[in-house]
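Q: Before anything else, here's the structure in question.
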Amino acid sequence: MRRVGPRLTATMLALVAIVLAIAIALPLGTLAAVRAGGLADRVVMAFAVLGFSSPVFVIAFLLVYLFALTLGWFPTQGYVPLSQGVLACLHSLVLPGVALALLFASLLARVTRASLLEVLSEDYIRTANAKGLTPARITIRHALSNALPQVLAVMGLQFGYLMGGSILVETIFTWPGTGFL
């Protein structure tokens, strides 16, 4: 535990990726389901297919090239511990977190869309619509709350893959996480 303990703090990368993925996937999946068959649906599904079919190391290298080398906004490598400041730690966490989150978010967006489309065709949604509830209230309060159990189940199943992907991202960004042990 003496060797693993300090490395687990650097593996907060997976937690950041989960939070980012949820923040990206739920709105995109909901938008795709509400606008099923439209342009927004096709764009979100194209993002999902592209994100899920791209290896995490390719996404990581593209992010490094664009945001670190070309624009100079983020560091190319390295881990800044939390003890050196929250903002410095978050700044070093952005690129690796986004690289992992894009893969996870693309899958969650597809699952959210599919689950929400199934729920939106139920009778109680038509009843809520007939009562005069706004479409936003129907979608958020009634449909999304009933579609979330399937999304949470996929999140739990994919957590192991996320940890495996974090080993690659830790290697690319030279993070001292559990991948180096």
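The values are calculated or read from the model by the stated rules, or taken from the named source; none is laboratory data. Everything numeric here is computed off the predicted structure, so don't read it as measured data. Every residue, glycine among them, receives a Cβ derived from its backbone with ideal geometry; neighbour counts consider all protein chains shown. For accessibility, only protein heavy atoms count, side chains too; no ligands or nucleic acids. Shrake-Rupley method; radii C 1.70, N 1.55, O 1.52, S 1.80 Å.
Q: Does any residue of the range 156-172 turn out to be among the small types (G, A, S), modelled with pLDDT of 80 or more, part of a helix (DSSP H, G or I) and open to solvent by less than 20 Å² (accessible area, probe 1.4 Å)? Write out each step before concluding.
A: As a first pass, look at the range 156-172 and keep what is among the small types (G, A, S): 156, 160, 164-166.
From the residues that got through so far, the ones that are modelled with pLDDT of 80 or more too are 156.
With the extra rule that they be part of a helix (DSSP H, G or I), the set shrinks to 156.
The next check asks that each one be open to solvent by less than 20 Å² (accessible area, probe 1.4 Å); those that pass are none.
No, every residue in the range 156-172 fails to be among the small types (G, A, S), modelled with pLDDT of 80 or more, part of a helix (DSSP H, G or I) and open to solvent by less than 20 Å² (accessible area, probe 1.4 Å).
Q: List pairs: first in the range 142-158 and under 14 Å from T30 (Cα atoms) and touching a residue at least 12 places away in the same chain (Cβ under 8 Å), second part of a helix (DSSP H, G or I) and among the charged types (D, E, K, R), Cβ under 6 Å, 6+ apart or cross-chain?
A: Correct list of pairs: empty, since none qualify.
Q: Which pairs turn up if I take residues in the range 17-45 that are without any contact (Cβ under 8 Å) to a residue 12 or more places away in the chain and of a type in the set (K, R) and look for partners that are part of a helix (DSSP H, G or I) and surrounded by fewer than 20 Cβ atoms within 10 Å (Cβ to Cβ) with beta carbon separation below 9 Å, at least 6 apart in sequence or on another chain?
A: R35/D41
Q: Also, quick follow-up: From the list L133, L148, exactly one residue is in a helix (DSSP H, G or I) and not β-branched (V, I, T). Which is it? Before the answer, list the steps.
A: Numbers: L133 fails: in a helix (DSSP H, G or I).
That would be L148, the only listed residue that is in a helix (DSSP H, G or I) and not β-branched (V, I, T).
Q: Report every pair of residues separated by at least 6 positions or lying on different chains whose Cβ atoms are under 6 Å apart, first residue within the range 46-66 and over 28 Å from A33 (Cβ atoms) and open to solvent by 60 Å² or more (accessible area, probe 1.4 Å), second outside any helix (DSSP H, G or I) and charged (D, E, K, R).
A: Between residues of the range 46-66 that are over 28 Å from A33 (Cβ atoms) and open to solvent by 60 Å² or more (accessible area, probe 1.4 Å) and residues that are outside any helix (DSSP H, G or I) and charged (D, E, K, R), there is no close pair.
Q: Please state which of the following conditions P135 fails to meet, knowing it meets all the rest: (1) touching a residue at least 40 places away in the same chain (Cβ under 8 Å); (2) open to solvent by 60 Å² or more (accessible area, probe 1.4 Å); (3) closer than 29 Å to H91 by Cα.
A: Unmet for P135, out of (1) touching a residue at least 40 places away in the same chain (Cβ under 8 Å); (2) open to solvent by 60 Å² or more (accessible area, probe 1.4 Å); (3) closer than 29 Å to H91 by Cα: (3).
Q: What is the one condition in (1) out of contact with any His (no Cβ under 8 Å at 6 or more places or on another chain); (2) part of a helix (DSSP H, G or I); (3) at pLDDT below 85; (4) farther than 16 Å from L13 by Cα that I125 does not satisfy?
A: Condition (1) is where I125 drops out.
Q: Looking at P176 and the list (1) over 17 Å from the mean Cα position of the chain (by Cα); (2) part of a helix (DSSP H, G or I), which single condition is not satisfied?
A: (2)
Q: Run A10 past the list (1) modelled with pLDDT of 90 or more; (2) among the hydrophobic types (A, V, I, L, M, F, W, C); (3) under 19 Å from the mean Cα position of the chain (by Cα) and report the number of the one that doesn't hold.
A: (1)
Q: Out of all the residues in the range 87-106, which are open to solvent by less than 40 Å² (accessible area, probe 1.4 Å) and either over 17 Å from the mean Cα position of the chain (by Cα) or farther than 18 Å from F47 by Cα (or both)?
A: Residues of the range 87-106 that are open to solvent by less than 40 Å² (accessible area, probe 1.4 Å), as a first pass: 89, 92-93, 95-97, 99-101, 104-106.
Residues satisfying the conditions are C89, S92, L93, L95, P96.
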